[in-house]
Amino acid sequence: MTELTHLTIKSAIESLEKKEFSSAELVQAHIDATEKARHLNAFITETPEIALEQAKASDARRAKGEAGPLDGIPLAIKDMYCTKGVRTTAASNILHNFVPPYESTVTDKLFNAGAVMIGKSNTDEFAMGTTTESSAFGNTINPWKRKGDNTDLIPGGSSGGSAAAVAARMAMGGTGTDTGGSIRQPAAMCGIAGIRPTYGRCSRWGIIAYASSFDQAGVLARTVEDCALLLQNMSGFDPKDSTSADIPVPDFPAATRTGDVKGLKVGVPKEFRVEGMPEIIEKNWQKGAQWLKDQGAEVVDISLPHTKYALPAYYILVPSEASSNLARFDGVRYGLREHDDPETLLDMYERTRASGFGDETKRRIMLGTFTLSAGYYDAYYVKAQRVRRLIQQDFLKAFEKVDVILTPPTPSAAYPIGENDDDPIAMYLNDVFTVPLNLAGLPGMSVPSILTPEGLPLGLQVIGKPWDEATVLKTARAIERAAGFNAMPSSVQTGAA
Ligand code: GLN
């Protein structure tokens, strides 16, 4: 039944509705695919029993005419989302045994809409990373390979588990979190679509915090319309998250139906043309602009003058918030506790945190503790906050002239695992195109566009005005239509994923 794993969410829902197959069959096909592709390490915890139970319940609801908008659809849930009674680790050893007694608002909404959970997907530890290599449960492998080369590549990160699962047809869609690019970047590197909505569109309640003023839930799926469908069912105000916005959620799937961009003003920011950018990235970008022009959009050069300060500001502010958020992991309340009979309380804290956190997490806690410390606070943290405001103003000014902004999401295609192991700065530089919009709280989407000559997928990034995900989705749909990207990882084509 492998063909069931190749359907879009939209078409699977239509077939379920017509009783062409049951959710139990659809879900079983994805469980089988998951078992076959275990070497990719896309999941930290597989949940086949829960999935089959949810599928059965879904079939029963459908039989009674009570199916929800996502009923019976198997999803990968990033292991940053707390799931009631199901281990939730944030890919950290410090939470290796944490079973939340509650459900995150977003997963609760998805399950209420009928969605099925295939498993908890892998991520960089506490979503800190760009490659899914910092997971305490081992790295995820990208299902894509370079042509004629069997080297294992990174899937991007931090939502690399969800991206790999969706690209390798183990799940029809997945949740991600995007603090600085963790949805758009792995989507681009795995040849699928992914959207991070405006900060405040989805509730962060029950999502393990990384950097609270940046974190936002979002989705990954194989088509723009599927992304819209998932986002529709996880958005909205939540009284449990004071930063979620009490404003109406527009009809996102409707925005993708026409993908009409006639008269749309698309900005191309010159500052994103960074030094040393590979030619293929530039070519892809120009192609994207042309695709939109061909469909009646107007492409306009714009300037976002403070772009070059985005990365340094991000890597001051985000570790600062992380160092504060991660102070709660101390071995007292939940998760790992080293040394059950410590000499002092401090001794227990130190041992627990020393063995519970991985290197990248420790690096960021130290960075953030430094930038928040007396004497350095004004020089780093406060200054970075000012830069954040300037970047936000750049975007708002640009949006007086244009409706959306088009850029590449990544400075390269997927690269070999281990390539940046000894060089965290090189790793941080990969975020150059994704972090600016997070500083400004804006929505952004990556949509697959072309294959590189090596046979690896690239994407295009669409950035929108605050709360205007609908135009982002519409523009992405227009790109998707023009690109006609239907390539698949070769392992999926041959059924050997
Ligand atoms: N790569 C960025 C970081 O390491 C973004 C991660 C994210 O969006 N969670 O912080």
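What follows is calculated from the coordinates using simple rules that are stated; it is not laboratory data. Here the structure is a predicted model, which means the values were calculated and not measured. Every residue, glycine among them, receives a Cβ derived from its backbone with ideal geometry; neighbour counts consider all protein chains shown.
Volume per residue of the convex hull around the Cα atoms, evaluated for the stretch 256-315, comes out as 115 Å³.
Restricting the calculation to Cα atoms, the chain shows an Rg/Rh of 0.95 when the hydrodynamic-style radius is the Kirkwood one. Taking only the Cα atoms of the stretch 201-325, the ratio Rg/Rh comes out at 1.02, with Rh defined as the Kirkwood radius. Distant-in-sequence amide contacts of Ile44, defined by a placed amide H-H separation under 5 Å and a gap of 5 or more residues or a different chain, comprise Lys120, Ser121, Asn122. Packing order of peptides 257-268, 231-242, highest average first: 231-242, 257-268 (average count of other Cβ atoms within 10 Å over each peptide's residues). A simple spin-label model places the labels of Asn112 and Lys397 4.2 nm from each other, with each point 7 Å out along Cα-to-Cβ. Amide H contacts for Tyr415 (H built 1.01 Å from N in the peptide plane; partners 5 or more residues away or on another chain; cut-off under 5 Å): Ile154. Taking amide H as placed 1.01 Å from N in the peptide plane, Thr452 has its amide H under 5 Å from the amide H of Leu458, each at least 5 places away in sequence or on another chain.
Cα-based radius of gyration for the stretch 323-373, normalised by 2.2 N^0.38 Å, reads 1.15.
Long hydrophobic helices in the chain: none of the complete DSSP H runs spans 30 Å or more by Cα along its own axis with mean Kyte-Doolittle hydropathy of at least 1.0.
With all projection directions averaged, the alpha carbon convex hull of the stretch 24-93 covers 5.4 nm².
Each Cα pair under 8 Å and six or more residues apart adds its sequence gap; the mean of these over the residue count of the chain is a relative contact order of 18 percent. Would you work out if the stretch 21-177 is rounded, prolate or oblate? Take a ≥ b ≥ c from the square roots of the eigenvalues of the alpha-carbon gyration tensor; rounded if a/c is under 1.5, else prolate when a/b is larger than b/c, oblate otherwise. Since a/c reaches 1.5 but b/c is at least a/b, the shape of the stretch 21-177 is classed as oblate. The simple spin-label model puts a point 7 Å past each Cα toward its Cβ; for Met366 and Lys84 those points are separated by 4.2 nm. In the chain, the DSSP beta bridges split such that about 65 percent are antiparallel, to the nearest 5. Between Lys64 and Asp246, the FRET efficiency estimated from the beta carbon spacing at R0 = 30 angstrom works out to 0.35. Estimated at 0.36 nm per residue, the fully extended path between Val332 and Glu279 surpasses their Cα-Cα distance by 13.9 nm. Which is the longest part of the chain that has none of the GluC sites (Glu not before Pro) sitting in a DSSP loop with at most 16 other Cβ atoms within 10 Å? The longest uninterrupted stretch comes out as 67-274. Computed extension gain for Thr8 through Gln290, at 0.36 nm per residue and net of the alpha carbon distance, reaches 98.8 nm. Using only Cα coordinates, the Kirkwood hydrodynamic radius of the stretch 96-153 works out to 14.3 Å. With N the number of residues in the stretch 388-497, Rg(Cα) / (2.2 N^0.38 Å) evaluates to 1.25. Using a cut-off of 24 Å between Cα atoms, the listed pairs Lys293/Lys474; Lys64/Lys120; Lys18/Lys84; Lys262/Lys308; Lys265/Lys474 include Lys64/Lys120; Lys18/Lys84; Lys262/Lys308 as exceeding that distance.
Look at Ile208, Ile316 and count the other Cβ atoms within 10 Å of each Cβ; fewest to most, that gives Ile316, Ile208.
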